[in-house]
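Structure, as C-alpha coordinates:
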Amino acid sequence: MHLEGIHHVTAITGDAPGNVDFYARVLGLRLVKKTVTQDDPTVYHLFYADERGSAGSDITFFEYPGARRGRAGAGMVNRVVWRIGSEEALDFWEERLRGEDVAVSRVEGRLTFSDPEGLGLELAVVETDDEPLVAESPEIPAELALQGFEGVRAYTSDPDASRAFLEGALTFEPRGENDFEARGERRGSFYAYDRTSDPGIPGAGTVHHVAWSSPPEEHEAWRQRVIEGGGSPTPVIDRFYFKSIYFREPSGVLFEIATLGPGFTTDEPLEHLGERLSLPPDFEHLREQVEPVLTPLPNPRESWAKR
(Lines give C-alpha, C1' and ligand atoms only; values in the text may rest on other atoms or scores of the structure.)
Protein backbone atom coordinates (compact mmCIF):
# COMPACT_ATOMS: atom_id res chain seq x y z
CA MET A 1 0.00 0.00 0.00
CA HIS A 2 1.10 3.55 -0.73
CA LEU A 3 -0.59 6.81 0.22
CA GLU A 4 -1.69 8.96 -2.72
CA GLY A 5 0.21 12.07 -1.64
CA ILE A 6 -1.32 14.93 0.33
CA HIS A 7 -5.10 14.95 0.67
CA HIS A 8 -5.37 18.39 2.30
CA VAL A 9 -3.58 20.80 4.60
CA THR A 10 -5.54 22.47 7.41
CA ALA A 11 -4.46 25.74 9.02
CA ILE A 12 -5.89 28.39 11.35
CA THR A 13 -7.13 31.88 10.52
CA GLY A 14 -8.41 34.70 12.71
CA ASP A 15 -9.91 36.58 9.74
CA ALA A 16 -12.21 34.60 7.44
CA PRO A 17 -13.05 37.51 5.06
CA GLY A 18 -9.35 38.30 4.59
CA ASN A 19 -8.63 34.61 4.20
CA VAL A 20 -11.24 34.26 1.43
CA ASP A 21 -9.86 37.33 -0.35
CA PHE A 22 -6.28 36.02 -0.32
CA TYR A 23 -6.84 32.38 -1.21
CA ALA A 24 -9.78 32.80 -3.61
CA ARG A 25 -8.99 36.14 -5.26
CA VAL A 26 -5.22 36.53 -5.00
CA LEU A 27 -4.18 32.88 -5.36
CA GLY A 28 -7.12 31.99 -7.59
CA LEU A 29 -8.31 28.90 -5.72
CA ARG A 30 -11.97 27.97 -5.62
CA LEU A 31 -13.87 28.15 -2.32
CA VAL A 32 -15.37 24.67 -2.65
CA LYS A 33 -16.92 24.19 0.78
CA LYS A 34 -18.10 26.59 3.47
CA THR A 35 -18.93 24.47 6.49
CA VAL A 36 -18.15 24.15 10.22
CA THR A 37 -15.77 22.02 12.23
CA GLN A 38 -17.52 18.90 13.39
CA ASP A 39 -15.89 19.19 16.82
CA ASP A 40 -17.28 22.72 17.32
CA PRO A 41 -20.06 23.77 14.91
CA THR A 42 -19.67 27.45 15.89
CA VAL A 43 -16.28 27.49 14.06
CA TYR A 44 -16.01 27.92 10.29
CA HIS A 45 -14.17 25.31 8.25
CA LEU A 46 -13.32 26.77 4.83
CA PHE A 47 -12.00 24.63 1.96
CA TYR A 48 -10.15 25.98 -1.10
CA ALA A 49 -9.13 23.71 -3.98
CA ASP A 50 -9.21 23.24 -7.73
CA GLU A 51 -12.39 23.48 -9.79
CA ARG A 52 -13.61 20.03 -8.69
CA GLY A 53 -12.55 20.13 -5.05
CA SER A 54 -9.95 17.45 -5.66
CA ALA A 55 -7.84 15.90 -2.95
CA GLY A 56 -4.27 17.04 -3.53
CA SER A 57 -5.24 20.68 -4.07
CA ASP A 58 -7.22 21.41 -0.93
CA ILE A 59 -6.06 23.89 1.72
CA THR A 60 -8.55 24.37 4.55
CA PHE A 61 -8.89 26.78 7.47
CA PHE A 62 -10.54 26.82 10.86
CA GLU A 63 -11.62 30.37 11.72
CA TYR A 64 -11.27 31.62 15.28
CA PRO A 65 -12.19 35.31 14.90
CA GLY A 66 -9.46 37.59 16.19
CA ALA A 67 -7.09 34.72 17.03
CA ARG A 68 -3.58 35.90 17.81
CA ARG A 69 -0.84 35.02 15.37
CA GLY A 70 1.06 31.84 16.00
CA ARG A 71 4.56 30.79 15.06
CA ALA A 72 5.67 27.49 13.56
CA GLY A 73 8.17 25.55 15.68
CA ALA A 74 9.34 22.02 16.32
CA GLY A 75 6.56 19.53 15.58
CA MET A 76 4.71 21.86 13.18
CA VAL A 77 4.49 22.31 9.42
CA ASN A 78 6.20 25.57 8.46
CA ARG A 79 5.65 25.78 4.70
CA VAL A 80 3.06 24.63 2.16
CA VAL A 81 4.36 24.15 -1.40
CA TRP A 82 2.23 24.28 -4.57
CA ARG A 83 3.23 23.26 -8.07
CA ILE A 84 3.21 25.59 -11.03
CA GLY A 85 4.11 24.70 -14.59
CA SER A 86 6.86 27.04 -15.81
CA GLU A 87 9.26 29.89 -15.15
CA GLU A 88 6.77 32.08 -17.02
CA ALA A 89 4.22 31.19 -14.38
CA LEU A 90 6.74 32.13 -11.71
CA ASP A 91 7.20 35.52 -13.43
CA PHE A 92 3.44 36.01 -13.36
CA TRP A 93 3.15 35.15 -9.67
CA GLU A 94 6.08 37.31 -8.66
CA GLU A 95 4.48 40.31 -10.35
CA ARG A 96 0.99 39.51 -9.04
CA LEU A 97 2.07 39.03 -5.44
CA ARG A 98 4.26 42.14 -5.42
CA GLY A 99 1.27 44.03 -6.79
CA GLU A 100 -0.67 42.89 -3.71
CA ASP A 101 2.16 44.17 -1.45
CA VAL A 102 3.21 40.60 -0.61
CA ALA A 103 6.94 40.27 0.10
CA VAL A 104 8.43 37.50 -2.04
CA SER A 105 11.80 35.80 -2.31
CA ARG A 106 12.79 34.15 -5.58
CA VAL A 107 15.46 31.58 -6.31
CA GLU A 108 15.67 29.41 -9.41
CA GLY A 109 12.34 27.68 -9.87
CA ARG A 110 10.86 28.77 -6.53
CA LEU A 111 8.99 31.70 -5.05
CA THR A 112 8.50 31.90 -1.27
CA PHE A 113 6.16 34.25 0.59
CA SER A 114 3.63 34.27 3.44
CA ASP A 115 -0.11 34.76 3.58
CA PRO A 116 -1.46 37.84 5.43
CA GLU A 117 -1.28 36.02 8.77
CA GLY A 118 2.25 34.71 8.32
CA LEU A 119 1.67 31.17 7.00
CA GLY A 120 4.72 30.12 4.96
CA LEU A 121 3.90 29.37 1.30
CA GLU A 122 5.92 28.47 -1.78
CA LEU A 123 5.33 28.05 -5.51
CA ALA A 124 7.67 25.62 -7.25
CA VAL A 125 8.16 24.87 -10.95
CA VAL A 126 7.69 21.10 -11.15
CA GLU A 127 7.77 18.65 -14.04
CA THR A 128 5.42 15.78 -13.25
CA ASP A 129 3.03 13.34 -14.87
CA ASP A 130 0.49 14.03 -12.10
CA GLU A 131 -2.71 15.66 -13.27
CA PRO A 132 -2.63 19.46 -12.80
CA LEU A 133 -5.38 20.42 -10.34
CA VAL A 134 -6.41 23.88 -11.49
CA ALA A 135 -9.17 26.30 -10.48
CA GLU A 136 -10.78 28.83 -12.82
CA SER A 137 -10.12 32.52 -12.19
CA PRO A 138 -10.84 35.54 -14.40
CA GLU A 139 -7.46 37.06 -13.47
CA ILE A 140 -5.24 33.97 -13.78
CA PRO A 141 -4.74 32.09 -17.07
CA ALA A 142 -5.11 28.33 -16.61
CA GLU A 143 -1.56 27.62 -17.80
CA LEU A 144 -0.20 29.90 -15.05
CA ALA A 145 -2.46 28.74 -12.22
CA LEU A 146 -1.56 26.71 -9.14
CA GLN A 147 -1.63 22.98 -9.98
CA GLY A 148 -2.04 21.29 -6.60
CA PHE A 149 0.33 20.47 -3.78
CA GLU A 150 3.97 19.57 -4.26
CA GLY A 151 4.51 18.98 -0.53
CA VAL A 152 5.03 20.45 2.92
CA ARG A 153 8.05 21.27 5.07
CA ALA A 154 8.00 20.71 8.84
CA TYR A 155 10.22 21.67 11.75
CA THR A 156 11.85 19.06 13.97
CA SER A 157 14.79 18.95 16.35
CA ASP A 158 15.71 15.44 15.16
CA PRO A 159 14.73 14.23 11.65
CA ASP A 160 16.04 10.74 12.39
CA ALA A 161 13.42 10.30 15.12
CA SER A 162 10.69 9.90 12.49
CA ARG A 163 12.57 8.06 9.75
CA ALA A 164 11.67 4.49 10.74
CA PHE A 165 7.99 5.38 11.20
CA LEU A 166 7.69 7.27 7.92
CA GLU A 167 9.50 4.64 5.87
CA GLY A 168 8.09 1.62 7.69
CA ALA A 169 4.52 2.30 8.82
CA LEU A 170 3.63 4.87 6.14
CA THR A 171 5.86 3.54 3.29
CA PHE A 172 7.26 7.00 2.50
CA GLU A 173 10.29 6.76 0.20
CA PRO A 174 13.49 8.63 1.18
CA ARG A 175 14.41 11.31 -1.36
CA GLY A 176 17.35 12.93 0.42
CA GLU A 177 18.82 13.40 3.87
CA ASN A 178 15.62 14.78 5.41
CA ASP A 179 13.17 14.46 2.51
CA PHE A 180 10.55 11.80 1.85
CA GLU A 181 7.87 11.14 -0.76
CA ALA A 182 4.43 9.57 -0.44
CA ARG A 183 3.49 8.38 -3.92
CA GLY A 184 0.62 6.18 -5.00
CA GLU A 185 -0.59 5.07 -8.41
CA ARG A 186 -2.03 8.48 -9.35
CA ARG A 187 -0.31 11.14 -7.28
CA GLY A 188 2.54 11.96 -4.91
CA SER A 189 3.79 14.65 -2.53
CA PHE A 190 6.95 15.30 -0.54
CA TYR A 191 7.37 15.65 3.21
CA ALA A 192 10.59 17.35 4.30
CA TYR A 193 12.18 18.49 7.56
CA ASP A 194 13.95 21.68 8.58
CA ARG A 195 15.81 21.60 11.88
CA THR A 196 14.86 23.74 14.86
CA SER A 197 14.56 23.25 18.59
CA ASP A 198 12.41 26.34 19.03
CA PRO A 199 8.91 25.59 20.32
CA GLY A 200 5.96 26.61 18.22
CA ILE A 201 2.97 28.73 19.17
CA PRO A 202 -0.32 27.54 17.63
CA GLY A 203 -2.48 30.35 16.33
CA ALA A 204 -3.50 32.24 13.21
CA GLY A 205 -1.13 31.61 10.34
CA THR A 206 -0.05 28.15 11.52
CA VAL A 207 -0.80 24.69 10.17
CA HIS A 208 -3.02 22.49 12.34
CA HIS A 209 -2.42 19.21 10.47
CA VAL A 210 -1.53 17.64 7.14
CA ALA A 211 -3.71 14.89 5.70
CA TRP A 212 -2.58 12.08 3.40
CA SER A 213 -4.80 10.33 0.86
CA SER A 214 -5.98 6.74 1.12
CA PRO A 215 -8.33 4.79 -1.14
CA PRO A 216 -11.42 4.03 0.96
CA GLU A 217 -10.87 0.28 0.84
CA GLU A 218 -7.39 0.65 2.41
CA HIS A 219 -8.31 3.04 5.21
CA GLU A 220 -8.72 0.51 8.01
CA ALA A 221 -5.50 -1.20 6.94
CA TRP A 222 -3.64 2.11 7.24
CA ARG A 223 -4.94 2.52 10.77
CA GLN A 224 -3.58 -0.90 11.62
CA ARG A 225 -0.20 -0.08 10.06
CA VAL A 226 0.03 3.07 12.21
CA ILE A 227 -0.67 1.01 15.33
CA GLU A 228 1.90 -1.63 14.36
CA GLY A 229 4.43 1.16 13.73
CA GLY A 230 4.01 2.46 17.27
CA GLY A 231 1.52 5.25 16.55
CA SER A 232 -1.70 5.98 18.44
CA PRO A 233 -4.40 6.71 15.87
CA THR A 234 -7.92 7.78 16.67
CA PRO A 235 -10.80 5.54 15.67
CA VAL A 236 -12.07 6.14 12.15
CA ILE A 237 -14.09 9.37 12.21
CA ASP A 238 -16.76 10.04 9.58
CA ARG A 239 -16.28 13.62 8.35
CA PHE A 240 -19.14 13.20 5.82
CA TYR A 241 -16.98 14.36 2.88
CA PHE A 242 -14.33 11.75 3.75
CA LYS A 243 -13.37 9.46 6.62
CA SER A 244 -10.34 10.22 8.79
CA ILE A 245 -7.91 8.93 11.36
CA TYR A 246 -5.51 11.24 13.26
CA PHE A 247 -2.18 10.63 14.98
CA ARG A 248 1.12 12.37 15.63
CA GLU A 249 4.23 11.19 13.84
CA PRO A 250 7.33 10.90 16.09
CA SER A 251 8.48 14.49 15.46
CA GLY A 252 5.13 15.74 16.77
CA VAL A 253 3.44 16.84 13.54
CA LEU A 254 -0.28 16.00 13.52
CA PHE A 255 -1.08 13.68 10.60
CA GLU A 256 -4.43 12.64 9.22
CA ILE A 257 -5.14 9.86 6.76
CA ALA A 258 -8.30 10.76 4.83
CA THR A 259 -10.21 8.75 2.26
CA LEU A 260 -10.49 9.74 -1.38
CA GLY A 261 -14.20 10.40 -1.31
CA PRO A 262 -17.10 10.57 -1.17
CA GLY A 263 -16.14 14.23 -1.79
CA PHE A 264 -17.64 17.71 -1.75
CA THR A 265 -20.42 17.08 -4.28
CA THR A 266 -22.13 14.83 -1.71
CA ASP A 267 -24.37 17.73 -0.65
CA GLU A 268 -23.87 20.39 -3.36
CA PRO A 269 -23.76 20.25 -7.16
CA LEU A 270 -20.33 20.86 -8.66
CA GLU A 271 -21.33 24.16 -10.27
CA HIS A 272 -22.46 25.62 -6.91
CA LEU A 273 -19.76 24.37 -4.54
CA GLY A 274 -19.04 26.74 -1.66
CA GLU A 275 -21.90 29.16 -2.30
CA ARG A 276 -23.86 28.45 0.88
CA LEU A 277 -23.18 27.16 4.36
CA SER A 278 -23.09 23.36 4.16
CA LEU A 279 -23.88 21.43 7.31
CA PRO A 280 -23.49 17.65 7.52
CA PRO A 281 -26.81 15.91 8.27
CA ASP A 282 -25.99 15.48 11.97
CA PHE A 283 -25.61 19.27 12.29
CA GLU A 284 -28.42 20.49 10.02
CA HIS A 285 -30.78 20.92 12.98
CA LEU A 286 -28.35 23.52 14.39
CA ARG A 287 -28.49 25.82 11.34
CA GLU A 288 -30.64 28.52 12.96
CA GLN A 289 -28.29 28.72 15.95
CA VAL A 290 -25.03 28.42 13.98
CA GLU A 291 -25.50 30.81 11.06
CA PRO A 292 -25.93 33.98 13.17
CA VAL A 293 -22.62 33.44 15.03
CA LEU A 294 -20.49 32.84 11.93
CA THR A 295 -18.67 35.69 10.18
CA PRO A 296 -20.65 36.84 7.10
CA LEU A 297 -18.73 35.86 3.97
CA PRO A 298 -19.23 36.81 0.33
CA ASN A 299 -19.40 34.35 -2.53
CA PRO A 300 -16.05 35.13 -4.22
CA ARG A 301 -17.44 34.34 -7.66
CA GLU A 302 -20.34 36.78 -7.49
CA SER A 303 -17.91 39.62 -8.20
CA TRP A 304 -16.43 38.01 -11.35
CA ALA A 305 -18.93 39.60 -13.73
CA LYS A 306 -18.38 43.02 -12.17
CA ARG A 307 -14.62 42.75 -12.70
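At a glance:
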read-out	value
Residue under evaluation Asp194, criteria (1) within 30 Å of Gly66 (Cβ to Cβ); (2) under 18 Å from the mean Cα position of the chain (by Cα); (3) of a type in the set (D, E, K, R), criterion not met	(2)
Odd one out for Thr37 among (1) free of Cβ contacts under 8 Å to residues at least 60 places away in the same chain; (2) touching a helix residue (DSSP H, G or I) at 6+ places or on another chain (Cβ under 8 Å)	(2)
Some residue of the range 152-159 being in a strand (DSSP E or B), out of contact with any helix residue (DSSP H, G or I) (no Cβ under 9 Å at 6 or more places or on another chain), farther than 20 Å from Gly231 by Cα and of a type in the set (Phe, Trp, Tyr)	no
Unmet requirement for Phe113, which otherwise passes all of (1) in a strand (DSSP E or B); (2) touching a Phe, Trp or Tyr at 6+ places or on another chain (Cβ under 6 Å)	(2)
Condition broken by Glu95, with the remaining ones in (1) acidic (Asp, Glu); (2) closer than 29 Å to Pro141 by Cβ; (3) surrounded by 19 or more Cβ atoms within 10 Å (Cβ to Cβ) satisfied	(3)
Residue list for the range 127-140, restricted to those being surrounded by fewer than 23 Cβ atoms within 10 Å (Cβ to Cβ) and either among the small types (Gly, Ala, Ser) or touching a residue at least 12 places away in the same chain (Cβ under 8 Å) (or both)	Thr128, Asp130, Glu131, Pro132, Glu136, Ser137, Pro138, Glu139, Ile140
Flag for Leu286 being among the hydrophobic types (A, V, I, L, M, F, W, C), modelled with pLDDT of 95 or more and farther than 17 Å from Ser214 by Cα	no
Selected residue (criterion: nearest to Asp115 (Cα to Cα)) from residues of the range 157-195 that are of a type in the set (S, T, N, Q) and crowded, with 17+ Cβ neighbours inside 10 Å	Ser189
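The values are calculated or read from the model by the stated rules, or taken from the named source; none is laboratory data. Keep in mind that this is a model prediction, so the values were computed, not measured. Neighbour counts run over all protein chains shown; Cβ positions are idealised from the backbone, glycine included.
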